[in-house]
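The values are calculated or read from the model by the stated rules, or taken from the named source; none is laboratory data. Values in this document were obtained by computation on a predicted structure and should not be read as measured data. Backbone-built Cβ (ideal geometry, glycine too); neighbour counts: all protein chains shown. Ligands, DNA and RNA are excluded from the accessible area calculation, which covers all protein heavy atoms including side chains. Shrake-Rupley method; radii C 1.70, N 1.55, O 1.52, S 1.80 Å.
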Amino acid sequence: MRNMSVQPKRRFVGGGLRLSAFLPVAGLLFLASATAQTVAPRRTVWDGVYTEAQAARGVTAFSQSCSGCHALSEEGKAPLVGEPFWKSFAQKSVGDLLQFVSANMPNGTPGSLDESTYRDIVALMLKSNGFPAGTAELRRETSANVQIVQKDGRTQLPSNALARVLGCLARNGTDWVVTRATTPERAENAPRGDDSTRPLGNRTIPLKFVVTRLDPLAGSRVVVSGLLIGADGVDGINVTAVTRVAQSCP
């Protein structure tokens, strides 16, 4: 007697490909793409983000519009290189630098130059600070995420930079300190997220020239803003504000 049992039909997706065979391949491709995105290196000023020709054009533009108020050496009035440059732009991006120059220069007529001229001036500033040239001109859309860091990758802020730290407010004899302090960050670039739950650090930073009464905040998690004393606040912070972000700490 003929076997009348019905065999299950094999189902295929267009082109004869098994769906079960296709999914693992798609998964691997997605994983490879995600991995490539997570390991993409951060671009910095040391990668060459302007050209020599662009910086050369910047010499003429700077001479005409900026040299009356600024110097491209550490000597002279309002220098734009060396320590003053790092004080203003460490931890920022080339995009931030371009935006600042475009919005504030020339003195008395800010924003009066055309976009390409501002890019040329910034290229000259980068060259004057010892950052190397590259093969592509600096443009606003490509400079936004180019970080301004030391050549060895350090992001520490220089002395007198306006910074903020997060930590626990405590007494140290007659002085106030922030324990478990985070690395100083630029005050104007407050990190995203909730300061009441952000991970803390492992530093103790002295608070100097405190003019407000801090006793009610003792033991709290606080954000302290002020001018750094010594590179990265090694000697403390000249306090401008102390704000409680959580009743207890950590």
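A few notes on this one:
- Order by protection proxy (mean Cβ within 10 Å, highest first), peptides 190-196, 58-64, 232-238: 232-238, 58-64, 190-196
- Between N189 and S159, the contour length at 0.36 nm per residue exceeds the Cα-Cα span by 9.1 nm.
- Residues of the stretch 105-137 with amide N under 20 Å of a point placed 7 Å along Cα→Cβ from R43: 115-137
- Taking 0.36 nm per residue of separation and subtracting the current Cα-Cα distance, fully stretching the chain between R213 and T174 would add 12.8 nm.
- With K and R counted +1 and D and E -1, the other residues having a Cβ less than 13 Å from that of Q64 yield a net charge of -1.
- Residue-level accessible surface for T174, protein heavy atoms, 1.4 Å, Å²: 120 Å²
- Computed accessible area, R171, all protein chains, 1.4 angstrom probe, square angstrom: 120 Å²
- Highest mean packing first, where packing is the average number of other Cβ atoms within 10 Å per residue, the peptides 87-98, 72-83, 115-126 line up as 115-126, 87-98, 72-83.
- The charge dipole of the stretch 157-244, taken about the Cα centre with unit charges on the Cβ atoms of Lys, Arg (+1) and Asp, Glu (-1), comes to about 180 debye, rounded to the nearest 20.
- Dipole magnitude of the stretch 99-250, debye to nearest 20 (Cβ charges: Lys/Arg +1, Asp/Glu -1, about Cα centre): 440 debye
- The aspartates and glutamates within cross-link reach of K87, meaning a Cα-to-Cα straight distance under 17 Å and a gap of 8 or more places when in the same chain, are E74, E75, D96, E185, E188, D232, D235.
- Taking only the alpha carbons of the stretch 55-209, we obtain Rg and Dmax values of 18.5, 58 Å in that order.
- Projected label points at A78 and Q247, each 7 Å from Cα along the beta carbon direction, are separated by 5.0 nanometres.
- Distance from the stretch 97-114 to the stretch 202-228 (C-alpha centre basis), Å: 36 Å
- Amide H within-cut-off set for G134, under 5 Å, with H built and near neighbours excluded: V49, Y50, T51, E52
- Couplings for the stretch 72-89, taken from phi via the Karplus curve 6.51 cos²θ - 1.76 cosθ + 1.60 with θ = phi - 60°, read 9, 9, 6, 9, x, 7, 6, x, 10, 10, x, 4, x, 5, 5, 4, 8, 10 Hz in order; Gly and Pro are left as x.
- R0 of 41 Å, Cβ-Cβ distance N202-A103: FRET efficiency to nearest 0.05: 0.65
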